[in-house]
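Have a look at the structure below before the remarks.
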Amino acid sequence: MPDRYDLPAGFRWGVATAAYQIEGAVDEDGRGPSVWDTFTARSGAIRDGHTGAVACDHYHRHPEDIALMHGLGLDGYRFSIAWPRIQPTGAGPVNAAGLAFYDRLVDDLLAVGITPLPTLFHWDLPQALEDAGGWLNRDTAYRFAEYAAIVADRLGDRVPAWITLNEPFVHTVYGYAMGIHAPGRTLMFEALPAAHHQLLGHGLAAAALHERGLEVMLSNNLTPVEPATPSPADAAAAAAYDTLHNRLFTDPVLLGRYPDLAALGVPDDIFGAVRPGDLDLIHTPGLDGLGVNYYNPTRVAAPTDPGLPFDLLDIPDVPHTAFGWPVVPDGLRRLLTGLRIRYGTALPPITMTENGCSTTEDLDDTFRIDYLSAHLDALATTVAEGVDVRGYYTWSLIDNFEWAEGLFSQRFGLVHVDFATQRRTPKASYAWYRDLIAVHRARCAKEGSVTSP
Ligand code: BGC
């Protein structure tokens, strides 16, 4: 069986973070308010009333965080750009100080040999756009493309590849359908126009990035879906969930069409949101890479409550993370080989843009080491089976603001953060990841020198 050291030469190693989860400094240098500032102020929305107002104070401490990344020997760093720092109201004039922050970040990364991989939208929509309807408003897609062009014009000379959206599935379902995340709407399936408008925004932004000679990826949270039993009712429920979680967000981009949404009770035009020509705008720019965020598979049964077309079940007899998420490394292999079967030649090269786990342990995070090794071994098997995977960005560099779970309970970092002092302390997994990268690189260099003439 291949293992993680067998990943191909040139495979890119990285870590991932997101602006609202690490930056803090929400009122500084002209940043406008985002939906997350508003949502975290809502009583009871976030565990222990935490907010991202300070988070990891990365806005001021990024030199220390870049030094930590340099210590890992990374090829790339996936971070997100806070739209409200660039355009405080989501439209109109550019906030020069906000743009300058990312300009410095990019230069500081390049100075230590790390390629920046920015995500343009990781859920922190400017509040002014939310006040006008957020992603339920078609106009937000056009504003997003304008913002993408502004940032690309400034950084595109040094940043070759870009991710438009992070996890439109999670943003739509948690943010607009169930109200667990900002903006806290509870529209259930009527949230889906927000999905369409994000995809439209992706297509328009992708065209703007391509016009500037830049590569484009889209990162989604994908999950292999397994029916609880072979019964036709469970299989139908699993197919409905697969449509909602995976196909709704990937088919339009890769195939230029939506899957049949009838099982979700959603009309083909997604409540009037889909206009003639939209699918071309979403599909035609194409993707240079598909970003896959994988955490766990999903086990699905026929509904017991008629309100939804499926029930989501736990996966028994496997370890679970601090979040309670089942640990199933082979699910990653099944997910990626399933994508290759589903999309064939329409599937671009894959980059793992997130994978990791939360633990409650502090520095001796053997659970994380086991999780990451097993998933990277599964990834090596997948690559050996012929799936083109170019890189792996673990979630996350440092413990951070874990959305509805606040600051302390779900620690995803290779580096521990004491949120009272902002002291960073590398965990055992930090040294493990550093050594893995070094050994993999040395082995590839050795094999390269043996096979080259
Ligand atoms: C998100 C991250 C989040 C992580 C762990 C992903 O859904 O992109 O922002 O922290 O999972 O929950």
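Any read-out appearing in this document is the output of simple, stated calculations on the displayed coordinates, not a laboratory observation. On a predicted model such as this, the values are computed, not experimentally measured, just so you know. Don't worry about glycine lacking a Cβ; one is built from the backbone with ideal geometry, like all the others, and counts go over all protein chains shown.
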I'm trying to understand the selection: among the residues of segment 262-271, which are without any contact (Cβ under 8 Å) to a residue 40 or more places away in the chain and part of a loop (DSSP other than H, G, I, E, B)? P267, D268, D269
Given the criteria basic (K, R), more than 28 Å from T38 (Cα to Cα) and buried (at least 16 other Cβ atoms within 10 Å of the Cβ), does R143 qualify? no
Looking only at segment 411-432, and only at residues there that are out of contact with any helix residue (DSSP H, G or I) (no Cβ under 6 Å at 6 or more places or on another chain), within 27 Å of I350 (Cα to Cα) and not in a strand (DSSP E or B), the one that is farthest from the ligand (Cβ to nearest atom): A431
Which pairs have Cβ atoms under 6 Å, sit 6 or more apart or on different chains, and link a residue in segment 424-436 that is on the phi < 0 side of the Ramachandran plot to one that is surrounded by fewer than 17 Cβ atoms within 10 Å (Cβ to Cβ) and among the acidic types (D, E)? A428/D364
Within the set of pairs 6 or more residues apart or between chains, which connect a residue that is within 16 Å of the ligand (Cβ to nearest atom) inside segment 106-133 to a residue that is basic (K, R) with Cβ atoms less than 8 Å apart? L117/R78; P118/R78; T119/R78
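Against the definition (surrounded by fewer than 18 Cβ atoms within 10 Å (Cβ to Cβ), more than 22 Å from R411 (Cα to Cα) and away from the ligand (no atom under 16 Å from the Cβ)), how does A100 come out, yes or no?
It is true that A100 is surrounded by fewer than 18 Cβ atoms within 10 Å (Cβ to Cβ), more than 22 Å from R411 (Cα to Cα) and away from the ligand (no atom under 16 Å from the Cβ).
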Looking for something part of a loop (DSSP other than H, G, I, E, B), of a type in the set (K, R) and either more than 20 Å from A194 (Cα to Cα) or more than 23 Å from the chain's Cα centre (by Cα) (or both) - is there at least one such residue anywhere in segment 274-282? yes
Verdict on Q410 being polar (S, T, N, Q), surrounded by fewer than 18 Cβ atoms within 10 Å (Cβ to Cβ) and within 25 Å of the chain's Cα centre (by Cα): no
Would you check if R31 is in contact with a Lys or Arg (Cβ under 7 Å, 6 or more places away or on another chain) and part of a loop (DSSP other than H, G, I, E, B)? yes
How many residues does segment 390-404 hold that are closer than 16 Å to N221 by Cβ and either near the ligand (Cβ under 9 Å from one of its atoms) or of a type in the set (K, R) (or both)? 4
Applying the selection to segment 224-256, what residues are in a loop (DSSP other than H, G, I, E, B) and free of Cβ contacts under 8 Å to residues at least 24 places away in the same chain? P230
For the structure I just gave you, tell me whether R42 is surrounded by fewer than 19 Cβ atoms within 10 Å (Cβ to Cβ), farther than 27 Å from T140 by Cβ and not hydrophobic (A, V, I, L, M, F, W, C). no
Top-ranked residue in segment 146-167 [being touching a Leu at 6+ places or on another chain (Cβ under 9 Å) and part of a loop (DSSP other than H, G, I, E, B); ranked as surrounded by the most Cβ atoms within 10 Å (Cβ to Cβ)]: V159
Would you pick out the residues in segment 165-185 that are within 12 Å of the ligand (Cβ to nearest atom) and under 26 Å from L287 (Cα atoms)? L165, N166, E167, P168, F169, V170, H171, V173, Y174, G175
Would you call V170 touching a strand residue (DSSP E or B) at 6+ places or on another chain (Cβ under 9 Å) and assigned to a strand (DSSP E or B)? no
Look through segment 8-41, keep the residues that are of a type in the set (A, V, I, L, M) and more than 10 Å from A53 (Cα to Cα), and return whichever of them is farthest from the ligand (Cβ to nearest atom). A9
Condition check: of a type in the set (F, W, Y), part of a helix (DSSP H, G or I) and in contact (Cβ under 8 Å) with a residue 60 or more places away in the chain. Does F39 satisfy that? yes
If I398 satisfies every condition in (1) touching a helix residue (DSSP H, G or I) at 6+ places or on another chain (Cβ under 9 Å); (2) more than 27 Å from S80 (Cβ to Cβ) but one, which is the exception? (2)
